[in-house]
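Here's the structure, in structure tokens; my notes come after.
What follows draws every value from the coordinates through simple rules; no lab data is involved. Remember, it's a predicted structure, so these values are computed and weren't measured experimentally. So basically every Cβ, Gly included, is an ideal-geometry build from the backbone, and we count neighbours across all protein chains shown.
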């Protein structure tokens with residue numbers, strides 16, 4: 001009798017990471033794409049920050065937060081894209097059914113996409129942080145230990161959104177692919193990336209505070225402008241993130257089951 | 001001593017699948033013993049692919065049950081998926097990865113002990129050696145089919161499910177694939193479920209044929225017996241009789 005395959009296998013996760021690493025390695029446009037947009041964003045906001053820093057008063061103060069905001073936004077946005085891209089690659093290559101009939105468990109599949117999101121982020125954003133230091137004298141790493149809290153919270157949100165998008169694409173096919181690219185832009189105004197939460201009307205502030213990145217961007221501004229680390233904001237973001245991840249995981253499993261009910265897993269592809 | 005009978009390789013019990021108002025599979029029941037090669041035949045829309053999807057746990061049945069090696073595929077699939085594999089021209093491997101990279105990824109997903117050795121063996125058996133380091137997307141149709149078969153055999157499955165394994169292949173390559181499947185079945189005592197529109201392929205490979213029409217199994221027998229019962233010369237004529245609704249009349253005349 002052949003023993004059942006283990007319920008959880010690190011080796012299967014590494015197999016999936018290797019699969020995506022082979023793909024990245026073989027395709028320079030994919031590698032370029034990882035760096036291109038964070039670089040463009042950094043250059044644009046860097047010049048704006050330089051210009052505003054020459055002004056006086058509140059404008060000059062606000063300017064100090066722009067590059068930090070744009071780099072943190074890129075962590076959020078690229079984290080989700082990195083996750084979703086790994087999933088979409090399976091759809092584009094019509095490989096999903098092969099994976100679904102293999103011993104790869106959904107949790108292992110998700111963890112491999114999380115790992116790829118981290119790898120893509122390191123390739124795409126880390127070099128840009130050094131370029132920001134070189135061109136605009138902005139030391140992103142100077143945010144110190146707080147950066148770890150910002151980074152972790154933003155990544156958790158990005159994975160929750162990535163998981164939800166993957167479920168929607170699974171359920172609705174590649175017709176829902178556009179959501180993957182655009183869903184995060186809804187967070188751009190709502191999470192107050194470039195301005196304080198009190199800028200929003202009070203009814204919208206309540207919605208904004210239910211989104212974990214809001215606490216991160218607010219915490220970043222407090223750190224840059226007042227040199228104070230607000231642990232309470234990070235804990236609030238973490239609690240919200242845990243709830244969001246749990247909800248996204250539940251939604252992903254439900255949507256996967258729905259796609260099996262619809263019989264769409266056999267026909268996914270370009 | 002436990003004298004219990006081993007479970008069938010694949011067993012369906014009143015298996016049904018509805019897509020909204022449309023009935024894709026309509027309460028079919030069958031049992032496939034271990035070590036046999038069974039053909040699943042039927043015209044387009046007969047329910048073959050949906051049946052295969054339910055056997056592999058890619059499709060959730062509306063009602064009924066399908067089990068593989070005694071495990072209910074709706075609830076217990078992970079206990080048996082590592083002993084199964086699948087090949088279909090409608091499923092692909094990542095194009096940018098080389099053949100070796102793709103096989104290596106799947107080898108590790110299936111927990112194959114010595115993946116490099118297994119790939120070398122498959123490359124030799126399936127004549128992949130000349131292009132094993134070429135990108136999978138740059139292969140000819142015949143080469144792709146052989147690679148897909150190598151992926152399906154990477155874990156030496158006890159249950160091999162093939163959906164039109166020789167579609168779009170030239171006769172020489174198709175014959176070559178069939179010979180390999182015959183050898184694999186003989187060497188491993190593997191159970192093969194084969195959906196195909198190629199009747200000569202089914203006649204050559206299969207011990208038994210399940211004929212499907214509009215979601216139901218309308219006949220079930222060995223190819224030679226079906227041909228005799230319908231009074232025909234080959235399975236293609238039997239298939240046409242069933243597809244065109246002449247099945248009952250011909251059977252009566254032959255009997």
Item checked: residue A:202/residue A:253 FRET efficiency (R0 35 Å; Cβ-Cβ; nearest 0.05) -> 0.45
Next item on the list: With the Cα gyration tensor of the range A:145-270 in hand, give its eigenvalues times 5 under a square root as the equivalent ellipsoid semi-axes, listed largest first in whole angstrom.
Entry: 33, 15, 12
Next item on the list: May I ask for the distance between the Cα centers of the range A:110-176 and the range A:79-100, given as a whole number of Å?
Entry: 17 Å
Notebook entry, point to check: How far, in degrees from 0 to 90, does helix A:28-53 lean away from the longest principal axis of the Cα atoms of chain A, to the nearest 10?
Noted result: 20 degrees
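How high is the relative contact order of chain A, given as a whole-number percent (alpha carbon pairs under 8 Å, six or more residues apart)? Walk me through the numbers before you get to the answer.
Numbers: 311 pairs, mean separation 64.7, N = 270.
RCO, chain A: 24 percent.
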Next item on the list: Let me have the relative contact order for the range B:1-108, percent, based on Cα pairs under 8 Å that are six or more residues apart.
Entry: 25 percent
Item checked: Relative contact order (%) - criterion: Cα under 8 Å, at least six apart; region: chain B -> 24 percent
Next item on the list: For peptide A:23-33, compute the average count of partner chain beta-carbon atoms within 10 Å of each residue's beta-carbon.
Entry: 2
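Between residue A:134 and residue A:245, what length in nm is gained on full extension when 0.36 nm per residue of separation is reduced by their alpha carbon distance?
36.3 nm
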Checklist line | Largest-first principal axis extents, alpha carbons of the range A:79-154, Å | finding: 51, 23, 13
Note to self: Run the Debye formula on the Cα coordinates of the range B:131-190, all scatterers equal and no solvent, and tell me log10 I(q)/I(0) at q = 0.15, 0.25 1/Å.
What the structure shows: -0.46, -1.13
Checklist line | Relative frequency of Cα-Cα separations exceeding 23 Å in the range B:79-167, percent | finding: 13 percent
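Relative to the compact-globule scaling 2.2 N^0.38 Å, provide the ratio for the alpha-carbon radius of gyration of the range B:165-222.
The range B:165-222 yields a ratio of 1.21.
Average the reciprocal distances over every distinct pair of alpha-carbons in the range B:190-234, invert the result, and give the Kirkwood radius in Å.
11.2 Å
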Item checked: Equivalent ellipsoid, the range B:1-109 (semi-axes from 5 times Cα gyration tensor eigenvalues, Å) -> 26, 22, 13
Margin query: Bin width 10 Å, origin at 0, all Cα-Cα pairs of the range B:29-85: what percent of pairs per bin?
Written below: 22, 54, 23, 1
Item checked: Shielding by other protein chains, B:93-99, mean Cβ within 10 Å -> 6
Notebook entry, point to check: In a solvent-free Debye calculation with one equal scatterer on each Cα, what is log10 I(q)/I(0) for the protein assembly as shown at q = 0.06 Å⁻¹, listed in the order of the q values?
Noted result: -0.37
Item checked: Centroid-to-centroid separation of the range B:121-174 and the range A:4-24 [C-alpha atoms, Å] -> 22 Å
Note to self: Please list, in order, the residues from the range B:15-39 whose amide nitrogen is less than 14 Å from a point placed 7 Å along the Cα→Cβ vector of residue B:63.
What the structure shows: B:15-19, B:23-29
Checklist line | Principal-axis tilt of helix A:106-136 within chain A, Cα atoms, nearest 10 degrees | finding: 30 degrees
Notebook entry, point to check: By how many degrees, between 0 and 90 and to the nearest 10, does the Cα long axis of helix B:99-109 differ from the longest principal axis of chain B?
Noted result: 70 degrees
Note to self: Kirkwood Rh over alpha-carbon pairs of the range B:109-255, then Stokes-Einstein at 25 °C and 0.890 mPa s: what D in µm² s⁻¹, rounded to an integer?
What the structure shows: 143 µm²/s
Check: What does the convex hull of the alpha-carbon atoms of the range B:1-42 project to on average, in nm²?
Finding: 4.2 nm²
Check: Binned at 5 Å from 0, what are the whole-percent values of the Cα-Cα distance distribution for chain A, short to long?
Finding: 1, 6, 12, 16, 18, 15, 12, 9, 6, 3, 2, 1, 0, 0, 0, 0
Margin query: Under a crude label model (7 Å from the Cα following the beta-carbon direction), how far is residue B:240 from residue B:134 in nanometres?
Written below: 3.8 nm
Notebook entry, point to check: Rounded to the nearest 500, what is the protein assembly as shown's calculated 222 nm mean residue ellipticity when only DSSP H runs of at least 4 contribute -39500 (n - 2.57) each, over all residues?
Noted result: -18500 deg cm²/dmol
Note to self: Which of B:22, B:57, B:124 ends up with the largest GNM mean-square fluctuation for chain B, with Cα atoms connected below 10 Å?
What the structure shows: B:22
Notebook entry, point to check: How many percent of DSSP beta bridges within the range B:125-255 run antiparallel, rounded to 5?
Noted result: 50 percent
Notebook entry, point to check: Using a Förster distance of 41 Å, how high is the FRET efficiency between residue B:44 and residue A:11, based on the Cβ-Cβ distance and rounded to 0.05?
Noted result: 0.55
Notebook entry, point to check: How large is the Kirkwood hydrodynamic radius of the range A:1-106, in angstrom, based on all distinct alpha carbon pairs?
Noted result: 17.3 Å
Notebook entry, point to check: Expressed as cubic angstrom per residue, what is the convex hull volume of the alpha carbon set of chain B?
Noted result: 145 Å³
